[in-house]
Every structure is written in C-alpha cells, then in structure tokens.
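For reference, the structure discussed in these notes is given below.
The values are calculated or read from the model by the stated rules, or taken from the named source; none is laboratory data. Quick caveat: nothing in here was measured; it's all calculated off a predicted structure. Using ideal geometry, Cβ is built from the backbone for each residue, glycine included, and neighbour counts are taken over all protein chains shown.
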Amino acid sequence: MEVTVYDKYEAVIGLEVHAQLLTKSKIYSADSTEYGAAPNTQISPITLAMPGVLPKLNKEVVDMAIKVGLALNCKITEVNEFARKHYFYADLPKGYQITQDKTPICTHGQIEIDTSGTKKEIGITRIHMEEDAGKNNHELDPFYSLIDLNRAGMPLIEIVSEPDIRTSDEAYSYLTELRKLLRYLDVCDGNMEEGSMRCDANISVRLRGNSTFGTRVEVKNMNSIRNVKRAIDSEIKRQIDLIESGAEVLQQTRGFNPSDGSTAPLRSKELANDYRYFPEPDLPPVIVKQNRVNEVKSQMPPLPSELLEKFTSELGLSTYDARVLTDEKDIALYFLELISETNNYKAAANWIMGEVKSYLNQNAIEIKDFILQPRHILSIIELVDKGLVSSSGAKRLFEAMLEQPDVSAVDLANQLNLIQNSNIDQLKSWAEVALLKYPEKVLEYRGGKKGILGLFMGEVMKISGGQADPKSTSKILQELLDS
C-alpha cells in the first residue's frame, strides 16, 4: 500500500450527540411533543417564557437519562442542579437555555464498538439533561426567517464522548451502536433526518505518536450517520492540507455541505464560550437516590451487547447472525420468544433473517405489525424437524400461512399436499419406477457417474407429487443402484 502524507497524521475526534427523548410532554411544561404538528401549535406561556411563569421538571426525562447512563456504564449523579446557559438566538424565547452545567446526571461511562472486527472502548465524558430551542426556516419566505417554536422546550440529553475516536469508521460505528442502544431503551427514535438525534463532531489532527492535541474544529449540520463520516473525512483532509502548506488551523465552528461533502466556516470560536452560566433559580436540585436508580434498572430491557453475548456464547450462533438479530430490538425480542419453545436456534435464526425479514422489507412494515407470531414460525420449524415437511415445502407453507394465519400448520400442509411420505415400501416403489424409466442412466451411474443421482431424485419427487421424504428417498435410491 502506498504511503501518503496523510499517513503521517492521526485524527482526534470527540462526538456530542443530542438525543430527543420520547416523552409525551416537554421537559419543563405540559406542551405536546408530537412530531409533525402545524407550526407554533404546541406552545404555552411557559414555552414562550412569559413573565411570571415557572418551569416544572418532567420526571420521565430524569428516568430516561438514568436508563441511558446505566446502559453506558456511567456513574449516576445524586445531586442534580440546573443552570441557565445564556445566548441570544431568535428561536430561543427566554434568551437562555435551561441545562446542566457542573452536575451532569451521568459521568464516566463507556461503550464498546466493533470496527471491521476490531473492538474498542470509547469513553463517555458526561450526559446531561436540557431543553431544545425552536427552529428557524429560511426557505419558505425569500425575505424573512420564519420561526417555529414547537421544538422549543423539547427534552434532550446530550451525550459527550471522550476524544477517543481516531477514524471516521470508528465514529460511524460509535453512532450506530449508540443509536441502537437508545432505540432498545425506547428513549429516542434515533431519526437523524427528523432532527431527533443530532451530532456535532469535534475534530483535530496531530502527527502520529504526538500526545499533544491539535486545534479543534467543530462540525455541525449533519443529518445522517453517513454524513458524519463524510464530514470527518473531509475535515481531516482539509486540516492536514493546511498544516502541510504551512498555514494555521483556526478554531472554528463549521457546517457540512452534503452535496459536495465539504465543510465551510460558520463562525470563529473563542478559546472559551462565555455563556454566563449560573444556577437556575426556578428549579430546585433533583436528588437521585440509589433506590430510584435500582427501580429504573429493573425496568430496562435486555441490551444489545447482552443479547449478542447470549446468542453467540449460549446459543452457538455466528457473530454475523447475532448482529443481524440484535440490530433491531423488536426483531431480537421476536427471536427470543421463538427460541423459548425450540432449541433449533439456527433454524429459528435462519427463518427470521430469511423469509421473515424479506417479507417485512418487501411490504415496508415493522415486525410489530407482522401478521405471523413466533408460534406460527415455531410450528413450521417443528414440521421440518420431524421430517414431515421439506425445506422447499416449508417455504410454501410460510406463504400459505401469511394468507391463512388462523389455520394450523399441519392442516395447511395437508391441504397443500406438503406432508412427506416416509413409508419405506411406498418410497421403494416410487424409486423403482424412476429407475425403470432411465435404464441407460442407471448404467452410467453404476459406471461411476454418481452425480446422476439427482436425476432420479427429481423423478421420484415428480412421481410422488413432492411427497417423498428426500433423505429416505436418497438412501433407498443408492441401495437400489448399488445392488
């Protein structure tokens, strides 16, 4: 592999992820959080920061933050204080944001990622609770910016990683694992295109082996995990090109242009932002006792990392199969219910990864809306395991069951003549008829052309209407041909 000037450097990357929580009301008011409502219809005097109004913390936000912290192996802060972060922006009615400054609810965690088979732990610096701002629209009117305050006050957690990420591939893996975790916990839908999960990337470069950080640049405006990867690659190259040309990397906030994959400056960044933090006087500290942490922990679902370990170590599935099955929570839970009644784990995995997922994709539905329950798939597996239905017959049975889910698998198999005949005398009779039809092929087989066996198998299947048990039929044919 050719060594280039870029190989002299390594990147230092930290990610800040804002996850919008799936609560029914906002973080400090009872306003609805439903997505897609008409502009400025989900607001109230509290959201608009009218004089004299007081915020009230949504308890569900705290519990969701604790869930994420526990899943990321964080320490949960007992005394949680809120602060006002001051800055002026047109879609921030109060002129400040209520957030957490010195006492984030979760600290010092980690998450394991897997990049091309290489595992690595990425540290989590902190997770804190805060409110979102509104949204400016610059496209609907040629002369004015239009403001929609529906998003103002939406509950967020900000998850800040340590600068442990070195490549765009690691960043991609980190965001993929984090989004999967948030979805498993039912705290965020992770839909970046809708803005419910947003990511800012802090990127610098340095010579390999150097422990000193370079000048950090923050990149914003990325609406997909793929675009985060593209932005990081673009920014790493830009910074290295600057350094190699003798220029200086400036500390900036930059935006990402998805059309050409470039970044462009939005504003210069001072060494420190003066947000004039001070304690929020209208919200008392939230005390999180250990018994509350334990209660939240007891309500948590199995996590993807736990299921991955279970599926590979206990069930003997391949890492690939386990990753596919744990990629979505509802798929994983469907599989867990299925294997609770069978120990043919590989067959269960194959059905879900094959016919079931194919049907879901073709019909653009989620497994929670799938007409067949795990018991339906189990009934098909049992018929195959007992040798009553062939693999090809099982697929026909699956298709029939989609149309008639209330009819038992056995009854459907009988209606479709899919039940295999294992009667030795009957199989032998069919096999003899097949051999008599091709006497010259029998001679070829006995002369060493063993591949012709498939011809005789096909003929038996035709004669039996597909009811001949393949395994028994193959054995009988070989016995007749070798005699």
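Descriptive notes on the structure:
- Answer from LEU412, LEU455, LEU436, LEU481 - the residue that is in a helix (DSSP H, G or I), at pLDDT 85 or above and more than 45 Å from the chain's Cα centre (by Cα): LEU455
- Members of the range 366-398 that are closer than 12 Å to ALA347 by Cα and surrounded by fewer than 16 Cβ atoms within 10 Å (Cβ to Cβ): ASP385, SER391
- Filtered residue count, the range 1-37, keeping only those that are among the aromatic types (Phe, Trp, Tyr) and under 21 Å from ARG126 (Cα atoms): 0
- When residues in the range 138-167 are screened for being surrounded by fewer than 22 Cβ atoms within 10 Å (Cβ to Cβ), more than 25 Å from PHE82 (Cα to Cα) and in contact (Cβ under 8 Å) with a residue 40 or more places away in the chain, 8 of them pass.
- Matching entry among THR77, THR4, THR41, THR23 (being under 25 Å from the mean Cα position of the chain (by Cα) and of a type in the set (Val, Ile, Thr)): THR23
- Of all residues making up the range 415-433, the number that are closer than 17 Å to ASP469 by Cα and in a helix (DSSP H, G or I): 10
For every residue, the table says whether it meets (1) under 19 Å from VAL288 (Cα atoms); (2) part of a strand (DSSP E or B).
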site	(1), (2)
GLN42	no, no
PRO45	no, no
MET50	no, no
MET64	yes, no
ASP101	yes, no
THR107	yes, yes
GLU112	no, yes
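- The set of residues in the range 456-483 being buried (at least 19 other Cβ atoms within 10 Å of the Cβ) and of a type in the set (A, V, I, L, M, F, W, C) consists of PHE456, VAL460, ALA468, ILE476, LEU477.
- Filter pass, SER358 being out of contact with any Ser or Thr (no Cβ under 9 Å at 6 or more places or on another chain), outside any loop (DSSP other than H, G, I, E, B) and of a type in the set (Ser, Thr, Tyr): yes
- Selection from the range 212-235 of residues that are closer than 14 Å to GLN252 by Cα and assigned to a helix (DSSP H, G or I): GLU235
- Given (1) modelled with pLDDT of 95 or more; (2) loosely packed, with under 12 Cβ neighbours inside 10 Å, number of the condition SER29 does not satisfy: (2)
- Members of the range 9-49 that are within 30 Å of ILE243 (Cβ to Cβ) and either among the acidic types (Asp, Glu) or out of contact with any Ser or Thr (no Cβ under 7 Å at 6 or more places or on another chain) (or both): TYR9, GLU10, ILE13, GLU16, VAL17
- Candidates LEU70, LEU57, filtered to the one that is touching a Phe, Trp or Tyr at 6+ places or on another chain (Cβ under 9 Å), outside any strand (DSSP E or B) and surrounded by 15 or more Cβ atoms within 10 Å (Cβ to Cβ): LEU57
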